[in-house]
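What follows is one structure encoded as structure tokens, with my remarks underneath.
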Amino acid sequence: MTLTLRPAAIRRGASAALAALWLLAASPLRSDDWPQWGRDARHGAAASVAAQPLAAILADFVYDPFVRQSTAESGGSLLAHYPVPLLDGPDVYMGAKTGTYVSCSPPGSRQPAPCGPAAWDRQIWNVQKLRWTGTSLAPVWRFETDWKPEPDAGSGPSGFFGWEPVFHPVLAGGFVYAPGRGGSIFRVEKATGNAVRISPFGGLDDSIFVAGGLAADAAGNVYYNAIQLDLARPWGSDARGGWLVQVRTDGTFRMATFASLVPGAPGASDACEGTFTGALPYPPSATAVPPTFPCGSQRPGINVVPAIAADGTVYTVSRAHFSQRRAYLVAADSSLSPRWSASLRDRLMDGCGVLLPPDGTPGGCRSGSIRGVDPLTNGPPAGGVIDLATSSPVALPDGGVLYGAYTNYNYSRGHLFHFDAQGGFVGAYDFGWDITPAVRTHDQTYSILLKDNHYETGSYCGDPNFCPTEAGRYDIVSLTPAMTPEWTFRNTNTESCVRQSDGSISCVSDHPDSFEWCVNQPAVDAGGVVYANSEDGFLYAIGPDGALRQKIFLNSALGAAYTPLSIAADGLVYTQNNGHLFAVGNPLRPAPLPPPRRRGPRVLGKTAAPAR
């Protein structure tokens with residue numbers, strides 16, 4: 001059953017049936033559940049319990065049946081971002097796909113059109129509820145949404161280059177909230193899967209998209225970003241709108257435009273700098289000026305999940321539609337009035353001759369370049385917000401905030417930016433690509449935990465004569481609040497493995513530089529042990545001293561597929577690999593916690609039906 005609440009209906013007041021739905025018992029989540037991206041509204045991904053030993057795979061659920069087809073389109077890599085498993089006592093809520101994947105012929109040809117990434121809208125994104133019954137994790141219901149991702153539109157200055165955007169629900173106030181069509185969201189009853197649609201934008205305009213995941217504050221208010229695109233030329237024409245949306249617990253809502261949240265940003269027709277072309281190395285000279293183009297309007301980064309600090313400050317990320325380098329970390333109050341916006345430009349000076357080799361040497365800038373500039377622009381390096389990434393803000397225990405931005409002059413590693421509660425720049429670490437860090441509080445301080453991949457790539461260009469490929473090395477790193485390393489753990493595995501149908505594991509040594517960390521957010525348990533997925537197909541447990549505690553093989557060594565993980569109240573670790581959801585822990589674990597008792601009136605619903 002799906003009902004719809006539109007703005008006029010909410011202003012007038014709902015019918016008695018709808019009012020009864022709003023009065024469903026909103027039993028609070030336990031403090032040790034994992035209801036959203038990063039576990040709580042601040043996104044620190046820290047569990048309140050110790051995780052179980054990584055002794056065995058206790059459950060294996062396929063949520064993406066199209067992995068084989070989608071990896072064929074990209075030459076073997078899974079170019080997808082998946083939601084974190086949401087945990088509520090014995091219940092697990094996971095995004096799951098149905099519908100149809102339209103393969104291209106041959107794979108990767110993008111023909112006959114539309115196919116592959118150009119036919120994302122033929123897939124259907126669902127919320128799948130699973131529940132532990134004895135030793136089995138069994139399906140309870142599946143709610144079919146009508147959410148569609150923004151169009152891929154092929155390669156270009158923007159768009160996704162085949163990277164699938166994320167569908168990400170949230171648990172809040174006794175309900176599951178899930179993205180829907182036209183910038184709407186669904187409020188789904190956890191017991192039955194029955195749903196009410198909340199439509200802040202009125203009618204279901206297919207040019208408006210829920211952009212990224214949903215977040216919820218401690219009171220159960222839901223926040224998300226939305227974008228409106230020209231469907232004929234989504235990345236070649238300016239964005240038609242961008243909003244930060246708040247849906248309150250009673251179903252009412254408010255919105256703020258990104259134009260209002262970033263009042264000092266360049267206008268849509270103002271000039272933004274491009275990057276140099278022509279003869280390498282860059283920059284062409286110490287005084288060279290790159291070409292320019294219109295910036296486009298400010299709008300949200302596509303895969304960003306807003307964060308909410310303890311004082312109610314809401315953090316999100318904005319960028320110019322045509323320029324990833326005109327980007328801002330945005331802070332708003334709970335009424336969505338702007339508090340501040342901090343530019344990611346002009347904070348760094350670590351390009352030529354700093355993170356890059358000396359000028360005039362392989363990988364370095366042209367001789368005579370200004371020290372520290374980005375060779376692609378000849379100016380101070382800018383943190384970019386690119387729509388291929390899922391980096392989201394993290395509100396820190398001391399009131400500060402982190403955001404992982406993209407920079408490609410430093411071997412495509414990005415930077416992690418750190419701002420204080422007033423938007424003042426604190427510092428940066430020279431890795432930030434597609435990572436939302438975890439945060440461990442301890443000893444009256446905290447540690448920042450993130451992947452630190454050194455990719456097998458050139459410094460700032462693809463020409464091996466000027467930017468020879470570096471050897472890869474792949475670390476998990478712990479940073480102090482001052483962004484200095486405390487410890488580093490390096491993946492040294494060189495073997496690609498796959499689990500056979502009989503459960504055995506077959507391996508071949510074919511990765512001399514090891515494997516990158518494919519996690520887009522690690523998790524940390526109450527004992528300070530960090531959990532992270534690698535492209536080698538293993539789940540790793542790394543102690544608070546940086547030493548390996550355990551690892552367990554899941555299903556397959558697989559490129560890309562940036563996947564988060566979560567830790568349950570009973571210590572089970574829920575992780576992902578190759579389109580499978582795995583529960584990992586001790587086979588002799590205690591029984592999962594029972595569902596929480598309801599308070600107040602109970603409304604019985606019918607069996608869930610697909611949303612239309």
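Derivation of every value follows stated rules applied to the coordinates shown; laboratory data play no part. Everything numeric in this text was worked out from a predicted model, so none of it was measured. Because the Cβ atoms are built from the backbone with ideal geometry, glycine has one as well, and the counts that use them run over all protein chains shown.
How big is the charge dipole of the chain about its Cα centre, in debye rounded to the nearest 20, if each Lys and Arg gets +1 on its Cβ and each Asp and Glu gets -1 on its Cβ? Show your work: numbers first, answer last.
Values: 46 positive and 51 negative charges, 455 e Å.
The calculation lands at about 2180 debye.
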Relative contact order, percent, segment 452-548 [alpha-carbon distance under 8 Å, six or more residues apart]: 20
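Taking the number of other C-beta atoms within 10 Å as the exposure measure, put Asp513, Asp387 in order starting with the fewest. Don't skip to the end; give the middle numbers.
Details: Asp513 16, Asp387 23.
Ranked by crowding around the Cβ, least crowded first: Asp513, Asp387.
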Give the list, by residue number, of cysteines in the chain with no other Cys Cβ closer than 4.7 Å, or say none. Cys518
Rg (Å, one decimal) plus Dmax (Å, integer) for the alpha carbons of the chain? 23.3, 75
With 10 angstrom as the radius, rank Ser70, Ser260, Ser514 by how many other C-beta atoms surround their C-beta, starting from the fewest. Ser260, Ser514, Ser70
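Among Phe322, Phe186, which comes first, second and so on when ranked by fewest other beta-carbon atoms within 10 Å?
Working: Phe322 21, Phe186 27.
Ascending Cβ contact count within 10 Å gives the list Phe322, Phe186.
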The chain: calculated mean residue ellipticity at 222 nm from DSSP helix runs of at least 4, using -39500 (n - 2.57): -1000 deg cm²/dmol
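Among the listed pairs Lys129/Lys551; Lys148/Lys190; Lys97/Lys148; Lys97/Lys129, which have their C-alpha atoms separated by more than 18 angstrom in this model? Each step should come with its number before you reach the end.
Values: Lys129/Lys551 28 Å; Lys148/Lys190 22 Å; Lys97/Lys148 12 Å; Lys97/Lys129 13 Å.
Check vs 18 Å cut-off fails for Lys129/Lys551; Lys148/Lys190.
Rounded if a/c is under 1.5, else prolate if a/b is larger than b/c, else oblate: which is segment 406-506, with a ≥ b ≥ c the root eigenvalues of its Cα gyration tensor?
Working: a/c = 2.67, a/b = 1.26, b/c = 2.12.
Oblate is the answer for segment 406-506, as a/c is 1.5 or above yet b/c matches or exceeds a/b.
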